[in-house]
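Asks: Got a structure here, written out as structure tokens. Questions coming.
The values are calculated or read from the model by the stated rules, or taken from the named source; none is laboratory data. Since the model is a prediction, treat every value here as computed from it, not as a measurement. Cβ atoms come from the backbone with ideal geometry, glycine included; neighbour counts cover every protein chain shown. Surface accessibility is based on the protein's heavy atoms, side chains included, excluding ligands, DNA and RNA. Shrake-Rupley method; radii C 1.70, N 1.55, O 1.52, S 1.80 Å.
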Amino acid sequence: MIVIISLVYCFRITSSLLQLMGIRWPRILTPKQLSQIIQSQKNPLKALQIFDEAKCKYPTYRHNGPVYGTMINILGRSGRTNEMKRIINQMKEDSCECHDSIFVNVIRSYAQAGLTNEAIFLFKSLPEFNCIEWTRSLNTLLEILVEESKLESVYQLFLENSCGWEVKSRAHFLNLLMNVLCRMKRSDLALRIFQEMSYQNCYPNKESYRILMRGLCEEKRLNEATHLLYSMFWRISQKGSGEDVVVYRTLLEALCDNEEGQEAIQILDKVLRKGLKAPKRCYKLIDLIHWQNGADTEDMKVLINEALIKGIVPSSDSYRAMAVDFYAESKIDEGNKVLKEMHDRGFKPSVGIYEAKVAALFRDGQVDEAIMVIDCEMVQKNCVPNIRLYNAVIKGICHERKSTTAIMYLERMSRQVGCVPNYETYETLVDGLCKDGKYVDGKKVMDQMSVHSFWPRVGTLNSLIQGLCQLGDLHSAIMCLEDMISLALTPDIHVWQSLLDAICSENCMNEASFKTLEQLQTPYHSL
């Protein structure tokens, strides 16, 4: 018990000392310099203290929008909601010009903290800020409300803001609303919104057609879906676009599933001629499908998809659209056929296609095949992975409880020019290593993480400290505790119990451990 009290005491002392630690102030302070200073701080409360002191030390200095945004992001990421609210109110009182992206981050922070009502209140108060556009804030808030099934709030917010000059684009919201209605099996209402889009001073785009076509087909409203396709020909496909093939394929496959093969063949003919403006040689494929009419539904789909792949006017965008769509539906073989067609036509697959392929393989449990994509296939095609793809691979491998393998990709990223591991990379890997019981490796990755001023969430740190205690590595556990304290995070009660058990264990009672504890309790111990 004495040790526990001692540890709690050192936690309070160290937290207090953080408020007393000074920094080297420049002779003249600019908002850009202040942003760099507070971003370099490990402790969000220390960053806030510096932010507050700036005006006192420099009477002529004034915060601008970007420095407010930096401070708000730091507090939001660390879960300091009350402090974040104070800075937001201060920004409003200063009436400095601020960008929409600041409020996007705040809205997301509120949502992650389960404070959706606070996010709504903030958005409704935006007229009180010096912000000239709210489009991204509105879209972000609406997406969050849709995910939380708060459709009444979604509808009310749209009514209140759809005509304001601060919101530049309404198509995104209407697509979002149609998507929700289609998921609720109310494609009839989604169709009504689609027909009313022009009255909202916006017009359907490719995404509008894709959402509505999928919704109508899933409810077997195939007559309306067919009319939708024909309207698409003259509205956005007059010149023929390979990207539209995703919409066409949805209807053609739905017709096959409904045993309307003859209708599918007739529509395919119109798609190739009017929708895709395909070369005449592609029409021979229709004769083959005619001959196969009445065959197995899946065989018909394969033939139709091959006709569409061959009928696309070759372009990177058209191949990408079809390949990504196949992989999104976990139709890996069909997606691979598109990749082969791209290669045969001399087109280089984009990283986005490989992202979709890797995600599909992980969903299907084909972990080794997913790894081969980034290790072999992309190398052969001279395609360089990006940060999103590396993160997807690391996440997939960790999900399969093979986190030690994922460390290799962190090392590869570090060697690749222009591909710097980000917070998601480290957080996923440290969390995965802890779940696999690889606490020593987790501590090593966390040490790399700290070099880039990234730190794990409180739950991951709790797990890491407890795991190190179980392994008898008390020194490393206390170093992690020290990091946790310096971040102004409060350890879980189970962490204190694990530390007590480790300290009381005979195997852990060594001079180094006591020296570390002694350092933590020393009032002048500098972190």
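Asks: Quick check on my filter: what residues within the stretch 463-474 are part of a helix (DSSP H, G or I), of a type in the set (Gly, Ala, Ser) and open to solvent by less than 40 Å² (accessible area, probe 1.4 Å)?
Replies: So the first thing to find is which residues in the stretch 463-474 are part of a helix (DSSP H, G or I), and the list is 463-470, 474.
Pick out the ones that are also of a type in the set (Gly, Ala, Ser) and you get 463, 467.
Matches in the stretch 463-474: 467 only.
Asks: Now for a different question. Go through the stretch 115-227 and tell me which helices (runs of 4 or more DSSP H), entirely inside it, have 2 or more residues that are polar (S, T, N, Q) and farther than 29 Å from residue 247 by Cα.
Replies: Correct list: 116-124, 151-161.
Asks: Right, another one. How many residues are at pLDDT below 55 and either among the basic types (Lys, Arg) or open to solvent by less than 20 Å² (accessible area, probe 1.4 Å) (or both) when one looks only at the stretch 481-514?
Replies: Qualifying residue count for the region: 2.
Asks: For the structure I just gave you, tell me whether residue 480 is in a helix (DSSP H, G or I), in contact (Cβ under 8 Å) with a residue 12 or more places away in the chain, more than 27 Å from the chain's Cα centre (by Cα) and within 30 Å of residue 388 (Cβ to Cβ).
Replies: Values: in a helix (DSSP H, G or I): yes; in contact (Cβ under 8 Å) with a residue 12 or more places away in the chain: yes; more than 27 Å from the chain's Cα centre (by Cα): yes; within 30 Å of residue 388 (Cβ to Cβ): yes.
Here the answer is yes, as residue 480 does meet what is asked.
Asks: Scan the stretch 302-313 residue by residue and report those that are free of Cβ contacts under 8 Å to residues at least 60 places away in the same chain and open to solvent by 20 Å² or more (accessible area, probe 1.4 Å).
Replies: Matches in the stretch 302-313: 302, 303, 306, 310.
Asks: Quick one: residue 117 ticks every box in (1) in contact (Cβ under 8 Å) with a residue 12 or more places away in the chain; (2) open to solvent by 60 Å² or more (accessible area, probe 1.4 Å) except a single one, so which number is it?
Replies: Residue 117 satisfies all of (1) in contact (Cβ under 8 Å) with a residue 12 or more places away in the chain; (2) open to solvent by 60 Å² or more (accessible area, probe 1.4 Å) except (1).
Asks: Still on this model: Consider residue 87 against the criteria (1) surrounded by fewer than 20 Cβ atoms within 10 Å (Cβ to Cβ); (2) farther than 19 Å from residue 453 by Cα; (3) modelled with pLDDT of 90 or more: it satisfies all of them except one. Which criterion is unmet?
Replies: Here residue 87 meets the rest and fails (1).
Asks: Consider only pairs whose beta carbons are under 7 Å apart and that are at least six residues apart or on different chains; among these, list those whose first residue lies in the stretch 344-359 and is aliphatic (A, V, I, L, M) and assigned to a helix (DSSP H, G or I) and whose second residue is at pLDDT below 90 and open to solvent by 30 Å² or more (accessible area, probe 1.4 Å).
Replies: 353/320
Asks: Quick check on the stretch 96-112. Is at least one of its residues closer than 22 Å to residue 490 by Cα, surrounded by fewer than 17 Cβ atoms within 10 Å (Cβ to Cβ) and of a type in the set (S, T, N, Q)?
Replies: Yes, because at least one residue in the stretch 96-112 is closer than 22 Å to residue 490 by Cα, surrounded by fewer than 17 Cβ atoms within 10 Å (Cβ to Cβ) and of a type in the set (S, T, N, Q).
Asks: Mind checking which residues of the stretch 309-338 are more than 20 Å from residue 299 (Cα to Cα) and modelled with pLDDT of 90 or more?
Replies: Scanning the stretch 309-338 gives 324, 328.
Asks: Answer yes if at least one residue in the stretch 395-403 is open to solvent by less than 10 Å² (accessible area, probe 1.4 Å), of a type outside the set (Gly, Ala, Ser) and within 19 Å of the chain's Cα centre (by Cα), and no otherwise.
Replies: yes
Asks: Has the stretch 117-135 got any residue that is within 17 Å of the chain's Cα centre (by Cα) and modelled with pLDDT of 90 or more? Let's see the steps before the verdict.
Replies: In the first step, residues of the stretch 117-135 are kept if they are within 17 Å of the chain's Cα centre (by Cα); the result is none.
Checked the stretch 117-135: no residue is within 17 Å of the chain's Cα centre (by Cα) and modelled with pLDDT of 90 or more.
Asks: Follow-up. Which pairs turn up if I take residues in the stretch 412-427 that are free of Cβ contacts under 8 Å to residues at least 12 places away in the same chain and look for partners that are surrounded by 15 or more Cβ atoms within 10 Å (Cβ to Cβ) with beta carbon separation below 7 Å, at least 6 apart in sequence or on another chain?
Replies: Close Cβ pairs satisfying both conditions: 414/421.
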